[in-house]
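Novice: Can you keep this structure in mind? I'll have questions shortly.
Nothing in this text is a laboratory measurement; each read-out follows from the coordinates by a stated rule. Since the model is a prediction, treat every value here as computed from it, not as a measurement. Methodologically, a virtual Cβ is constructed for each residue, glycine included, from the backbone with ideal geometry; neighbour enumeration extends over all protein chains shown.
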């Protein structure tokens, strides 16, 4: 459904994303992983139109977004990493605003918004200003807003951040339910355990380049490693964090 071809982003002489290629398919949950500074957020910003690529192209259902991004924006649901919300609006008002910007009718938006607020355990807070919400509540409002117009493609950037255990479980089940209904889901996360549990396919970026693009099971077979955490550490050449932790503990234990 969404295809990235030779996507590149440069900031002056610094290449942050370097000829990236991958596909987000309908009916699948694709995990997009990488260490901090690897180019994940820059890739997502280009995919959502917040940044223009230096080179390469992004295609939605075969159409280059540079030629026609209107349909793509109508069929995209996006939850950004940072919850930038209008704090003076209530939860219901925010969803009504999001629906109105999508061109949905007032009656439809209000009905759907109230249903989602109920299902995300936000009904009692629907008239409260978002500025009074906890981080987890804000995150649930963002997820509800992304789903409001029944999009075909969903991009979740660290969408589980701030969710408690119960709502984290709800979110995991929701990802699977959306994929089962034919949605294409791109999930960006640092939580490797979650990615391993819910993703059908993973793409790993390191220093701006793709270093893996396969199913978790296939990567386990190819690399002969038991879990995604060890595969990820091997692919991105991470340092021995256990030794680093021991060094930190030793430093703070030293007497002046």
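Novice: Remind me, relative contact order of the chain in percent, using alpha carbon pairs under 8 angstrom and six or more residues apart? Don't skip to the end; give the middle numbers.
Specialist: On the way: 422 pairs, mean separation 67.4, N = 256.
After rounding, I find 26 percent.
Novice: Normalised radius of gyration for the chain, please: alpha carbon Rg relative to 2.2 N^0.38 Å, two decimal places.
Specialist: Values: Rg = 19.8 Å, N = 256, 2.2 N^0.38 = 18.1 Å.
After normalising by residue count via 2.2 N^0.38 Å, the value is 1.09.
Novice: Tell me the relative contact order for the range 1-102 as a rounded percent, counting alpha carbon contacts under 8 Å between residues six or more apart.
Specialist: Numbers: 107 pairs, mean separation 27.6, N = 102.
Taking the mean separation of contacting Cα pairs over the length of the range 1-102, I get 27 percent.
Novice: Still on this structure, I have one more. For q values of 0.15, 0.16 Å⁻¹, compute log₁₀ I(q)/I(0) with the Debye formula on a Cα-only model of the range 65-212, without solvent.
Specialist: -0.81, -0.91
Novice: Bin width 5 Å, alpha-carbon pairs only: give the P(r) of the range 1-153 as whole percents, running from 0 to the bin holding the largest distance.
Specialist: Percent of pairs per bin, in order: 2, 9, 16, 18, 16, 14, 13, 8, 4, 1, 0.
Novice: Take peptides 135-141, 15-21 and line them up by average Cβ neighbours within 10 Å, highest first, as a rough protection proxy. Let's see the in-between values first.
Specialist: Values: 135-141: 21.0, 15-21: 18.7.
Per-residue Cβ counts within 10 Å, averaged per peptide and sorted highest first, yield 135-141, 15-21.
Novice: Checking the a/c ratio against 1.5 first, then a/b against b/c, what shape does the Cα gyration tensor give for the range 88-175?
Specialist: Numbers: a/c = 1.76, a/b = 1.21, b/c = 1.46.
It comes out oblate by the Cα gyration axes.
Novice: Right, here's the next one. For the range 1-73, what does the alpha-carbon gyration tensor say about shape, rounded, prolate or oblate, given a ≥ b ≥ c as the root eigenvalues, a/c under 1.5 as rounded, and a/b over b/c as prolate?
Specialist: Details: a/c = 2.02, a/b = 1.27, b/c = 1.59.
Cα axes put the range 1-73 in the oblate bin.
Novice: Using only Cα atoms, tell me the angle between helix 135-147 and the longest principal axis of the chain; keep it within 0 to 90° and round to the nearest 10.
Specialist: Relative to the chain, helix 135-147 is tipped by roughly 70 degrees.
Novice: Tell me the angle of helix 165-180 to the major Cα principal axis of the chain, expressed in degrees between 0 and 90 and rounded to the nearest ten.
Specialist: Helix 165-180 sits at roughly 80 degrees to that axis.
Novice: Quick one: if you stick a label point 7 Å off each Cα along the C-beta vector at residue 93 and residue 107, how many nm between them?
Specialist: Computed distance between label sites residue 93 and residue 107 equals 2.5 nm.
Novice: What does the highest-first list of 107-117, 30-40 look like by mean Cβ count within 10 Å? Don't skip to the answer; put the middle values down first.
Specialist: On the way: 107-117: 16.1, 30-40: 20.6.
The densest-packed peptide leads the list: 30-40, 107-117.
Novice: Another question, if that's okay. To test your reading of the geometry: what angle, between 0 and 90 degrees and rounded to tens, separates the Cα axis of helix 106-119 from the longest principal axis of the chain?
Specialist: Helix 106-119 sits roughly 50 degrees off the main axis of the chain.
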